[in-house]
Amino acid sequence: MPSPRLLQAFTRHVQEKPDSTALVFAGRRVTYADLDRLTHLAAADLDGAGFGSVRALCVPAHKSPETVALLLAAWRQGINTLVPSPGLGTAALSTLTAQAHGPLSAVAVPGGGAVLSREETDPTLADGFSAPDPEESLLTLTTSGSTGVPKLVPVRTEAFDRFGDWATEKFGIDGTTSSLSFSPLNFDLALLDVWTVLEAGGTVVLADAGASGDAGYLRDLTQSNEVTLVQGVPLLHRLLAADDARYPTVRTVVFTGEAVSEQGLRDAFAACPAARFHNVFGCTETNDSFVQDIDPDAYVHPLPIGAPIDGTDAVLLIEGPDGTEVLRGPGTGELLVHTPFQTCGYLEQARNAHAFMPDPRGGGAMFYRTGDLVHRDADGRYFLQGRTDFQVKVRGVRTNTLEVETVLGAHPDVVEAAVVALPCPEAGTRLHAEVVRRDGTSLSSLGLRAYAAKHLPRHAVPSSVGLACTPLPKTATGKPDRNSIKKTQLNGDV
Amino acid sequence: MSTVANDPIRAYIVSEFLAGEDAEDLTDDFDLIESTVVNSLGLVRLISWISETYSIPVDDIPLEPAAYRTLADIRGFVGRAAPAAV
């Protein structure tokens, strides 16, 4: 956890078990003593850069022991680190840095140390954004706005420690844990599979971001390092289970991010015969909110998202005759949650009024509006039904198809565009765009993909494009009939 | 520009990643990675296809996307690794 408690635990591990492996990366073992040495090299560069007292620092999440060390060093100096995806474009990155009131960026250097730079940014970009307070939070995560600039979510130190306590007990994390870190360091999943594991004195096996689609690489990595904890989107579990691979050392399997197929579940049961299985549900704003333990001999599919985690309060909102009301008993409504792990709000103050609201039953606790449509059955189990808006998950990343449509529609040669999510055997969900081109223009589907790739993050770029000359089918209210487009695609009637 | 008939690499890219789409402007220098026509999963499929089609051991094939950015890059790599094949 990015908290003083994590740093104390780390110092203790360096003293008590210096030769234990803290990280494995690219075939290299980094002991706790090695990681401590890297942390001191990074700290020296932070001190020596001549920028005076630093309160906020942008550290792009290049996955490496040096970046882990740089973050530890910054936290030790009481600096709030903004950790964005290293794949963000330079324009988006510089906007984010400005919004977080941190003109300084630091990139870890292979072998140890860091290079600091000061961004020349437009200070008015920070208008309306709170400055992150290192007293309250040492880490600012980003959530994938599917277009443009991500949202800034500070993670409270005390919320982190509470999450660490819960996860450590729930998933049996200790000094013998060896976790596979599959997702990027900027994802909230790293709070469990990197930071909680390091706090416990375990080993984190960092999967190379560039080889994340490679089943053979992941299998070798997991088997040769005797991984015990695997957390990730269904895609990861599917890759691991390919070719009937077996992982006798895995004790804990955590599904997260999106719904797992029944075949995916069965393959995971077979691949990890000694493991306990869990499904967790949450988002960056609240961290995990629901957990479901999965018994391979007695499970239901689709899986429930489970029951609220201890300390989590969940409310379903419905539209009643007199406006919005709280659903009592079984039924379906929009999920609102309050968790012990949640953020104190986006840095952008204007966003908070829509996303957070006080307990609708009365009381002061702040609830996060998830936008998830959830069904509660008579036994109090919760099932995800979909979204109240246009959000889907593509490779575990929240993506708003309406926003993708807006970007495609902004192309000068496009008359209208509709984007639908289709099931995909590899990635779970993929996006398809149906686009009407302006008469007499030469826009091609390749041209449109190249345009989309320039203006959208990779996960939000449609993986197939249909160019039509006739208007898109419409609903009675004149909106693109996305259901009809989806059906046409699913039936292969292209 | 090569035609599909004598360009198996182009034919593979079109059938595997651009099925049903107009691929007329898929030029030799079109950036397949940047445009996300080939994503990280697609890259693994592409590499395994190259390995099988041209009998190049997988271990001899670089995993980094930069080696497969364009049709010209792929053709160049295959030409160096399996000169008899192209």
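Only residues that are at pLDDT below 95 and crowded, with 20+ Cβ neighbours inside 10 Å: list them for the stretch A:242-257, please. Listed by number, the residues that qualify are A:THR256, A:GLY257. Scoring A:SER117 on the criteria (1) free of Cβ contacts under 8 Å to residues at least 24 places away in the same chain; (2) touching a Phe, Trp or Tyr at 6+ places or on another chain (Cβ under 9 Å) leaves a single failure, condition (2). Residues being touching a Lys or Arg at 6+ places or on another chain (Cβ under 8 Å) and modelled with pLDDT of 85 or more: count how many of those fall in the stretch A:49-77. Residues meeting the conditions: 1. Of the residues that make up the stretch B:33-45, is at least one away from chain A (no Cβ under 11 Å) and polar (S, T, N, Q)? So far as the stretch B:33-45 goes, no, none of its residues is away from chain A (no Cβ under 11 Å) and polar (S, T, N, Q).
What's the number of the only condition in (1) under 29 Å from A:SER53 (Cβ atoms); (2) assigned to a loop (DSSP other than H, G, I, E, B) that A:LEU138 fails to meet? Among (1) under 29 Å from A:SER53 (Cβ atoms); (2) assigned to a loop (DSSP other than H, G, I, E, B), A:LEU138 violates only (2).
Within the stretch A:414-443, the set of residues being within 9 Å of another protein chain (Cβ to nearest Cβ) and within 23 Å of A:SER484 (Cα to Cα) comprises A:ALA427 only. Looking only at the stretch A:381-396, which residues are aromatic (Phe, Trp, Tyr) and in contact with a Lys or Arg (Cβ under 7 Å, 6 or more places away or on another chain)? Within the stretch A:381-396, A:TYR382 is the sole residue that qualifies. Hey, does the stretch A:265-286 have a residue that's surrounded by fewer than 16 Cβ atoms within 10 Å (Cβ to Cβ) and in contact with a His (Cβ under 9 Å, 6 or more places away or on another chain)? No, the stretch A:265-286 contains no residue that is surrounded by fewer than 16 Cβ atoms within 10 Å (Cβ to Cβ) and in contact with a His (Cβ under 9 Å, 6 or more places away or on another chain).
Within the stretch A:371-381, which residues are part of a strand (DSSP E or B) and out of contact with any Gly (no Cβ under 9 Å at 6 or more places or on another chain)? Across the stretch A:371-381, the qualifying residue is only A:GLY371. Check whether at least one residue in the stretch A:412-419 is part of a strand (DSSP E or B) and modelled with pLDDT under 90, and report yes or no. Yes, the conditions are met somewhere in the stretch A:412-419. Could we say that A:VAL394 is away from chain B (no Cβ under 14 Å) and farther than 19 Å from B:SER15 by Cα here? For A:VAL394, the condition - away from chain B (no Cβ under 14 Å) and farther than 19 Å from B:SER15 by Cα - is not met.
Right, A:GLN292: polar (S, T, N, Q), closer than 29 Å to A:THR222 by Cα and either surrounded by fewer than 16 Cβ atoms within 10 Å (Cβ to Cβ) or under 23 Å from the mean Cα position of the chain (by Cα) (or both) or not? If you could, list the steps in order and put the result at the bottom.
Numbers: polar (S, T, N, Q): yes; closer than 29 Å to A:THR222 by Cα: yes; either surrounded by fewer than 16 Cβ atoms within 10 Å (Cβ to Cβ) or under 23 Å from the mean Cα position of the chain (by Cα) (or both): yes.
It is true that A:GLN292 is polar (S, T, N, Q), closer than 29 Å to A:THR222 by Cα and either surrounded by fewer than 16 Cβ atoms within 10 Å (Cβ to Cβ) or under 23 Å from the mean Cα position of the chain (by Cα) (or both).
Picking from residues in the stretch A:449-490 that are touching a residue at least 60 places away in the same chain (Cβ under 8 Å) and under 30 Å from A:PRO86 (Cα atoms), the one that is nearest to the chain's Cα centre (by Cα) is A:HIS459. With respect to A:THR143, determine if the residue is of a type in the set (Ser, Thr, Tyr), more than 17 Å from the chain's Cα centre (by Cα) and surrounded by fewer than 21 Cβ atoms within 10 Å (Cβ to Cβ). When the stated conditions are applied, A:THR143 does not pass them. Just one of the numbered conditions (1) in contact with a helix residue (DSSP H, G or I) (Cβ under 9 Å, 6 or more places away or on another chain); (2) surrounded by fewer than 19 Cβ atoms within 10 Å (Cβ to Cβ); (3) within 14 Å of chain B (Cβ to nearest Cβ) is not true of A:ASP220; which one? All conditions pass for A:ASP220, except number (1).
The values are calculated or read from the model by the stated rules, or taken from the named source; none is laboratory data. Worth saying up front: this structure is predicted, and the values here are computed from it rather than measured. Please note: Cβ atoms are built from the backbone with ideal geometry, for glycine as well, and neighbour counts cover all protein chains shown.
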